[in-house]
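Heads up: the structure comes next, in structure tokens.
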Amino acid sequence: MPPKGTTRKKAANDGSTTHTPTLSEQLSYLHSPRPFKNPNYTKNTNRRTKNLKTVLGQEREKERVERERRRQERDSQAMDIDEVKKELVEVNEEISTYLSIEAPPSVLPQRHYCDITGLEAPYTDPRTGLRYHDKSVYELIKNLSPSAAKDYLAARGVNPVVR
Amino acid sequence: MDEAETSNIFYVPTPSLPSITPPDSYDRFRSQSVPLIIDNGSSNLRFGFSTSASPQSSPNVIAKYKERKFNQSLLLFGDAIDTESGAKSQGKTPWEGDVLLNFDAMEHALDYAFVRLGIDAEGIDHPVLMTERLCSPLHSRALTSELMFEQYSVPSLTYCVDSVMSFYHNNKPISGSTFSADGLVVSFNTASTSVIPILNGKGVLSHAKRIPWGTQQSTEYLLKLIQLKYSSFPTRVTSVQASWMLHNFCSFATDYPAVLRSLKIPVNMRAAERIIQFPFAIPVIEEKTEEELTRIAEKRKEQGKKLQELAAKSRMEKLAKKENDLRYLTDLKEGKSENKREWMHVLQVEGFDDDAALDETIRKLEVDVKRARKKDLDGQDDVIEEPSFPLIDVPDADLDEEGIKEKKKQKLMKAGFDARARARREKEKEREEKEAEERREEGERENNFDDWAARLRREQETIMNKIKERGRRKAALSDRKSAAAQARMKNIASLAADERVSKKKRKAGAEDMFGADDEDWQIYRKLNAAAVSSDEEDEFNQLRIIESKLLMYDPTFTAQHTHASITSQRSALISAFRPQYEEGDIEGSARIHLNTERWRVCETYFSPGMAGVDSAGLGEVLQSILARFTEAEKARLVKNVFITGGPSQFPGLQERLYGTLRPILPPEMHLGDIVRAADPSLDAWKGMASFANTDEFHQVGVTAEEYQEWGAERIKRWWGGNCNSAV
């Protein structure tokens, strides 16, 4: 039991005393006591840290189930058809999950910017698909290797299929 | 030029080691349920008690690392990871973008926070106020709640949205009354940017929107741009350096197309660039001192002399041997006995076929010895004496068989000798002609300089045009659909056709007459596009000669006019965009010039499509959100537009937002100035702290009993928290 009323000492360097503790060892808090942790709580160590895709998939599932449930609830409660419609609208508005908050894709027409320089790009090279600003940039593009051209396109998010 | 540039050159900062500070004393807070505030951010973890003025803040990264030197396992957090270079690669963050996923890391992070706060009681006996993301996934919330309640035994836990709290802090109500401000909160986070409308002090979260573009993505984009621009950079650019560059040099452009139009001019681009100097290493050239150089030269000379002596000795030896042989043979010849058979026998022993062979050998030896002697004496080749061919003039009839053979041999030798003499004469004639030509040209040059220069220039131009034509033809052939390539295919097809000769001619008995005329074979030259014809080389040689003459004598023809420099000329724009340094300039080649990237990276907030993220930009999102409110509500919202979050400190953001919002609102609606949080990084925590000290705080938390009853996912609905799965 750690004594009450004393300030916690710095993370001591236990074990080997054959060397002066390095900076990183002093900063490490691996061995500092943590009395505030509940020793009876065993974390379910078999549980894998779920990755992002599964978590988002779960969210989507839950949202769908929730929507279904609410719709059925309203169906069973509502007497009037108009009421049902209004409440449905309300229901759909209320449910806001991580995914529903996401911004929709852009509907504005895209502006073309030069892949090499970043200036405005009125032209596109038919061979590689890169957008370029003027003919001197085009000279540069002509001398690019295919892998370099693909890298430029990937920066824009265009991933060309094997040509 | 150097002075202007030195103000532009910035050096990449070297990371500094963190210092050790002892953890806080817990005495003040023991046995008092002072709320514990944790701002769980994707980049920084900020924690503290609500009565503190400011939180402790540290990057939200854990590294469990086993040190190799002393075989110690370490658990490092935040800045401490910089002390161990190997730990950086092992760093794990609890967040993946915007979703809390790694709970081991979260647990370690919370451990660190509580250790720093000096908590030594059993269990955390303070109500906790934590942040979560806008509409955070239930999975993340469930696991966090589980951690807090079960592992740390907190009495109550409240979740809030950080940006709303920051807004609260900056629009604090008068003490006692409830929070009822209106406003539009734009929150810039590490991996997302969100817009939340707030009406009557309550966040209308159903109308909020989140753009998946934040500092993390901007840094990656900047890094990618730099790697593309400087594909052969000597050192690797890390994301830490990229984020440093992002924070210090990038800004929002109020009118991006206008900025681009001004940067189009190379002079402006040069003026707007920032030069980042990376550390470089000058290779140590071993400069040998004068003495060493002379010593080496002497050694080499000595070696040369020794070799020469060896060669001379071997020559002397050979000469002596040859003389011996000669003497032996002449003696033998003189001592020739009368008996023919004995003589023959002796000759065969020596290895000669007959008398004549012996005589031949003797003669050759004599000549060799004489020549060697002469070489030794005066080292010159002697004049080729005309060998005599006595038998040629004698008619055939007079000679016997041997004589005829001799005569034939001598005829051949004479023919060879004549041919060689002729060749020699021709060469001399050529030399004289060339000299005469040069003299003529010099005369012309001196007398009529302009004409001569003009003539040479015209020649140079024609040759350059020919080279360009050839290049164009080659490029046209490589393109499958060009006219040249199709003509070539037609030629091939016609050559390979079985019906090369028309039917009429075949009936008349004519056959394929290809090849009868020498010109027919020229077609193969055209077909074989890949062959580098010798014409090209000749042209280049000619060009070089002309250019060297012009360079020497014509003062107005400089190195810039030569063919080589014209072809490798880079436009002014490209040289301003990415200046090229010379080969040996190591300092220069370790520089990065940032010109268009400074605005391009920030522009992605407003159109993520530039970087391949298929999402609406900030301007579009604002427009769509405002469209869902009535006019009256809109007016209330835009009166108070508030930006918060670390990235909101980019220069130019406020003007840009104002410029984006103004056009989409009716002109009479008043758009207030865009307000930035007083302290963008810490205001969320401060807002939380001040909220925790109010009475309302105790009503909105989930207590331990409620957690047991409802499970980990439910929370209570209140103005600062999320409303998914809320009661």
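Restricting the search to the range B:594-610, which residues are under 15 Å from B:I226 (Cα atoms) and among the hydrophobic types (A, V, I, L, M, F, W, C)? Let's see the steps before the verdict.
Pass one, the range B:594-610, residues under 15 Å from B:I226 (Cα atoms): B:594-602.
Within the range B:594-610, B:L594, B:W599, B:V601, B:C602 meet the criteria.
Per-residue answers, yes or no, for (1) part of a strand (DSSP E or B); (2) closer than 30 Å to B:S243 by Cα; (3) β-branched (V, I, T); (4) out of contact with any His (no Cβ under 8 Å at 6 or more places or on another chain):
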residue: B:F642; (1), (2), (3), (4): yes, yes, no, yes
residue: B:Q654; (1), (2), (3), (4): no, yes, no, yes
residue: B:T660; (1), (2), (3), (4): no, yes, yes, yes
residue: B:P663; (1), (2), (3), (4): no, no, no, yes
residue: B:H670; (1), (2), (3), (4): no, no, no, yes
residue: B:D679; (1), (2), (3), (4): no, yes, no, yes
residue: B:G687; (1), (2), (3), (4): no, yes, no, no
residue: B:F691; (1), (2), (3), (4): no, no, no, yes
residue: B:F697; (1), (2), (3), (4): no, no, no, yes
Item to check | Among residues of the range B:70-99, those that are touching a Ser or Thr at 6+ places or on another chain (Cβ under 8 Å), closer than 23 Å to B:W213 by Cα and at the interface with another protein chain (Cβ under 9 Å from one of its Cβ atoms), counted | outcome: 3
Next on the checklist: I'd like the full set of residues that are loosely packed, with under 10 Cβ neighbours inside 10 Å and either of a type in the set (A, V, I, L, M, F, W, C) or over 26 Å from B:R591 (Cα atoms) (or both), limited to the range B:273-285.
Outcome noted: B:A281, B:I282, B:V284, B:I285
Checklist entry - Are any residues in the range B:597-615 under 24 Å from the mean Cα position of the chain (by Cα) and more than 9 Å from every other protein chain (Cβ to nearest Cβ), and if so, which ones? => result B:R598, B:V601, B:C602, B:T604
Checklist entry - How many residues, within the range A:94-127, are buried (at least 20 other Cβ atoms within 10 Å of the Cβ), more than 7 Å from chain B (Cβ to nearest Cβ) and in contact (Cβ under 8 Å) with a residue 24 or more places away in the chain? => result 2
Item to check | Verdict on B:S534 being at pLDDT below 70 and closer than 25 Å to B:I463 by Cα | outcome: yes
Checklist outcome for this item: Looking across the range B:396-429 at residues that are hydrophobic (A, V, I, L, M, F, W, C) and over 27 Å from B:A356 (Cβ atoms), the single one that is farthest from the chain's Cα centre (by Cα) is B:A421
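Tell me which residues, restricted to the range B:20-32, are loosely packed, with under 15 Cβ neighbours inside 10 Å and more than 9 Å from chain A (Cβ to nearest Cβ).
Going residue by residue through the range B:20-32, those that are loosely packed, with under 15 Cβ neighbours inside 10 Å are B:20-22, B:25, B:27-28, B:31-32.
Within the range B:20-32, B:T21, B:R28, B:S31, B:Q32 meet the criteria.
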Checklist entry - Looking at (1) surrounded by 15 or more Cβ atoms within 10 Å (Cβ to Cβ); (2) touching a strand residue (DSSP E or B) at 6+ places or on another chain (Cβ under 7 Å); (3) at pLDDT 75 or above, which is the only condition B:T93 fails? => result (2)
Checklist entry - For residues in the range B:139-150 being surrounded by 21 or more Cβ atoms within 10 Å (Cβ to Cβ) and either charged (D, E, K, R) or at the interface with chain A (Cβ under 7 Å from one of its Cβ atoms) (or both), which is farthest from B:E696 (Cα to Cα)? => result B:H139
Checklist entry - Considering B:S42, B:S58, which residue is under 46 Å from the mean Cα position of the chain (by Cα), in a loop (DSSP other than H, G, I, E, B), on the phi < 0 side of the Ramachandran plot and not hydrophobic (A, V, I, L, M, F, W, C)? => result B:S42
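The values are calculated or read from the model by the stated rules, or taken from the named source; none is laboratory data. This one's a predicted model, so the numbers in the text were calculated from it and none came from an experiment. A quick note on method: Cβ atoms are made from the backbone with ideal geometry, for glycine too, and the neighbour counts reach across all protein chains shown.
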